[in-house]
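Data first, discussion second: the structure below is written as structure tokens.
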Amino acid sequence: MFLEGLGADESLYGAFSSYAQQRMVLARVAVAQRDLYYLFTEAGPVHAEPSGKLYYRAPAPSSLPVTGDWVAARIVGPQQALVEAVLPRRTCLSRRAAGSRVEEQPLAANVDVIFLVCGLDGDFNLRRLERYMALAATGGAAPVVVLNKADLCADPARRIAETSAIARRAPVVAASALDPRGLDDLRRFLTPGATVALLGSSGVGKSTIANRLLGEDRFRTAEVRLRDSRGRHTTVRRELTPLPQTGALIDTPGMRELQLWTGPESVDAVFDDITAIAENCRFRDCTHSGEPGCAVTTALHRGQVDTGRWASFQKLRAEAAWHDAMADPLAALERKRKWKAIHKRARAFNKERR
């Protein structure tokens, strides 16, 4: 069946069973642009929009359909449908909405594997990769780091080693999308029924990789700027496309801004080498800023932790902590009161000692 090739399984059909009794159809969102959707159904593609009930009763904009969602749709005309419900998401890749809004912006749902694409040209950036790794850790999909444009790199082995130190347990694959055999190592991640999403900054070659994996020039591509290897945002929407054999692929636009929508736990998972060292600090609440017995400070002085990676960890940890505070301000206020009381008692104790 067509939908099974896109990843529909028994658990999904079980979640859909109550809607089937209401004569709705199971569908997957291929494109979501504002309140207009393009869906894949067993009978063929349809255009759709949200029903009034779904639109006005949605608890938040992030709960409305996004690319990759499985939905219950009611057919209302030739190739026309209303989306009545969004089925539970197995995974969801989200960022904080661009600008000053404290709001979740889902990028894609029900993704099994993320190809985090980096270009081995002038746009190569390990700090940006760490940010993408934190997004992947939160979303629940398995990350694979793709170092594209290997043909433009004078020393790809060094770049692979540097990237592997950042990626930790995630596979790192060097590729060249312009070489017919340059993506052979990626195809092993295209397992039956799996959905693969490509994420990365503009100009790293996501759409070119997508076209090669699909075997057709479905997505538009453009040359990057020579002076800085930056792309021109040729891809303007997130789109899910069936793969030739089985499974699906989601191409995404390059992101100008990637603010995290995550908690400190996801950042700790990406920087597990640093968090493992921190477990040996003398004090459990060590801030690693000069306390006696700080294992992280010792590791930094010995060169066991890269200073750039340490700075990135501090930055992302602070961003994640801020997100936690904004997501639950009452809990954040309670933590602030708790630590204020602790510091007050500590000052009183030191005063008595003196």
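So the values come out like this:
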read-out	value
Filter pass, Ala48 being modelled with pLDDT under 95 and among the hydrophobic types (A, V, I, L, M, F, W, C)	no
Cβ pairs under 9 Å, 6+ apart, first in segment 246-270 and more than 20 Å from Ser201 (Cα to Cα) and not assigned by TED's automatic domain parsing to the domain that holds Phe313, second assigned to a loop (DSSP other than H, G, I, E, B) and hydroxyl-bearing (Ser, Thr, Tyr)	Thr246/Thr191; Gly247/Thr191
Condition met for Pro143 (touching a Leu at 6+ places or on another chain (Cβ under 7 Å) and either surrounded by fewer than 19 Cβ atoms within 10 Å (Cβ to Cβ) or under 22 Å from Ser266 (Cβ atoms) (or both))	yes
Looking only at segment 32-70, and only at residues there that are among the aliphatic types (A, V, I, L, M) and over 16 Å from Glu239 (Cβ atoms), the one that is surrounded by the fewest Cβ atoms within 10 Å (Cβ to Cβ)	Ala60
Any chance Val76 is in a loop (DSSP other than H, G, I, E, B) and touching a strand residue (DSSP E or B) at 6+ places or on another chain (Cβ under 7 Å)	no
Subset of segment 65-103 that is among the acidic types (Asp, Glu) and in contact with a Ser or Thr (Cβ under 9 Å, 6 or more places away or on another chain) - its residue that is farthest from Gln259 (Cα to Cα)	Glu84
Leading residue by the ranking (nearest to Arg237 (Cα to Cα)) among those in segment 71-103 that are touching a residue at least 40 places away in the same chain (Cβ under 8 Å) and hydroxyl-bearing (Ser, Thr, Tyr)	Ser94
Residue match in segment 26-34 (condition: in a loop (DSSP other than H, G, I, E, B), in contact (Cβ under 8 Å) with a residue 12 or more places away in the chain and either among the basic types (Lys, Arg) or not assigned by TED's automatic domain parsing to the domain that holds Pro106 (or both))	no
Among the residues listed as Arg159, Arg169, Arg128, the single one being within 18 Å of the chain's Cα centre (by Cα) and either assigned to a loop (DSSP other than H, G, I, E, B) or buried (at least 19 other Cβ atoms within 10 Å of the Cβ) (or both)	Arg169
Matching entry among Ala108, Ala98 (being closer than 25 Å to Val270 by Cα, small (Gly, Ala, Ser), assigned by TED's automatic domain parsing to the domain that holds Arg128 and part of a strand (DSSP E or B))	Ala108
Check on Ala150, in contact with a helix residue (DSSP H, G or I) (Cβ under 6 Å, 6 or more places away or on another chain), farther than 22 Å from Ser312 by Cβ and of a type outside the set (Asp, Glu)	yes
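The values are calculated or read from the model by the stated rules, or taken from the named source; none is laboratory data. All values derive from a computational prediction rather than experimental measurement. Neighbour counts are summed over all protein chains in view; Cβ atoms, including those assigned to glycine, are modelled from backbone coordinates with ideal geometry.
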